[in-house]
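Asks: The structure under discussion is supplied below as structure tokens; questions concerning it will follow.
Each reported figure results from applying straightforward, stated rules to the coordinates on display, with no laboratory input. Predicted model, so just to flag it, every value in this text is computed and none were measured. All Cβ positions, glycine included, derive from the backbone under ideal geometry; neighbour counts span all protein chains shown.
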Amino acid sequence: MSTKAKRLITLPAAGALLVLAALAVAGCGGGGSSNASSGPPKTASGAAATVGVSNEGLGNILVNSKGRTLYLFSRDSGTTSECSGACAVNWPPLRVTGKPTIGSGAKASLIATTTRSDGARQVTYNGHPLYLFKGDGKAGDTKGEALNAFGGNWYALSAVIIPGAIGYAFGGVHTMTGCILFSGLFRSYLMTMATSLVNSVCHSDGRYGYRRFDLDDGTTNEFVTTILTFGEGLHNNHHRFPRDAYISHAWYEIDINGLIILGLGKLGLVHDIFAAGSRTPRSGDSEDGKRPVADTEAMV
């Protein structure tokens, strides 16, 4: 290992609070959202579901049968929709003609319908009418999150709403409060801080950590960040092989997230895991492989 690779810069002690806080986070229990996967939701029989939970950039969010993000409108009063006309053109209500079907992760007892002013039935979740956003071009898009339009704010039913609803259903207001604080707001806060930590430290143009590959984007691998984020601090490796599930290239590069994915693959629970086809330095590369290697990738 080169001298440069041995240079592991220690971050301020405040960063250590992140991992301590992460250990304190506990789930609400009893909720089905842990079964969420990406993409359109399915019912237990495999049919397309009206509403389900999908794991996207915001975490576990409610989506429709095509995997499109569902939103609530802050102006709505209970189950009565305050969005019509031009509002409903830009934020189409989730309408149904029959009984809504439930996908993985969504709780059936929280799903109902309400009658709109035009007589159509709109799906509600935990008493909130559900809407799509015209600006979302594809499944997984969340461009409507936190927008202010038509006199109110729009929010994806994500890490805050779903744990709160589950907590209320199982234990009333007291349990709902705990779920919102710990499984909702606190978890979202930790995710934001972890992302900011990686982007700040590992995009430092070499000030922290080391570079395994000579790239032009200033990314590095940083040991403490890697530990706190369970592997995401191996950012130089990630930028070199952006589709790799496991981004460790040496025994001292600890990628816990990648190991979990590989373990799930061994159990047959995930498929099509990408890995670099070759990590062997080419002739003329430096001793620690800092020059790029072949782009060849394979699924394992």
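Asks: If neighbour count is taken as other Cβ atoms inside 10 Å, put ARG207, ARG75 in order from fewest to most.
Replies: ARG207, ARG75
Asks: Explain nothing, just the number: dipole magnitude of segment 33-158 about its Cα centre with +1 on each Lys and Arg Cβ and -1 on each Asp and Glu Cβ, in debye rounded to the nearest 20.
Replies: My answer is approximately 300 debye.
Asks: Sticking with this structure for a sec: Based on the mean of other Cβ atoms within 10 Å per residue, sort peptides 91-98, 43-50 so the most packed one is first.
Replies: Top of the packing list down: 91-98, 43-50.
Asks: Shape of segment 93-138 from its Cα gyration tensor (a ≥ b ≥ c, root eigenvalues): rounded if a/c is under 1.5, otherwise prolate when a/b > b/c, or oblate? Let's see the in-between values first.
Replies: Working: a/c = 1.79, a/b = 1.06, b/c = 1.69.
The shape class here is oblate.
Asks: Which residues' amide hydrogens lie under 5 Å from the amide hydrogen of GLY52, considering only partners 5 or more residues apart or on another chain, with H built in the peptide plane?
Replies: For GLY52, the qualifying residues are VAL63, GLY103.
Asks: For a test of the definition: using alpha carbon positions, the gyration tensor, and the 1.5 limit on a/c, classify segment 33-158 as rounded, prolate or oblate. Each step should come with its number before you reach the end.
Replies: On the way: a/c = 1.80, a/b = 1.27, b/c = 1.41.
Because a/c hits 1.5 or more and a/b fails to exceed b/c, segment 33-158 counts as oblate.
Asks: May I pose another question? If neighbour count is taken as other Cβ atoms inside 10 Å, put SER77, SER204, SER54 in order from fewest to most.
Replies: On the way: SER77 8, SER204 16, SER54 27.
Result, fewest neighbours first: SER77, SER204, SER54.
Asks: Check HIS249: other-chain or 5+ apart residues with amide H under 5 Å from its amide H, H built from backbone geometry?
Replies: none
Asks: Hey, another quick one. As a footprinting exposure proxy, order HIS238, HIS203 by other Cβ within 10 Å, with the fewest listed first.
Replies: In order of increasing Cβ crowding within 10 Å: HIS203, HIS238.
Asks: With θ set to phi - 60° and the Karplus curve 6.51 cos²θ - 1.76 cosθ + 1.60, what are the ³J(HN,Hα) couplings of segment 206-218 in order, to the nearest whole Hz, using x for Gly and Pro?
Replies: x, 5, 10, x, 8, 10, 7, 10, 7, 10, 9, 9, x
Asks: Based on the Cβ-Cβ distance from LEU147 to LYS266, what FRET efficiency comes out when R0 is 41 Å, to the nearest 0.05?
Replies: The formula returns an efficiency of 0.45 here.
Asks: Which order, highest average first, do 253-264, 220-231 follow once you tally other Cβ atoms within 10 Å for each residue and take the mean per peptide?
Replies: My ranking of the peptides, most packed first, is 220-231, 253-264.
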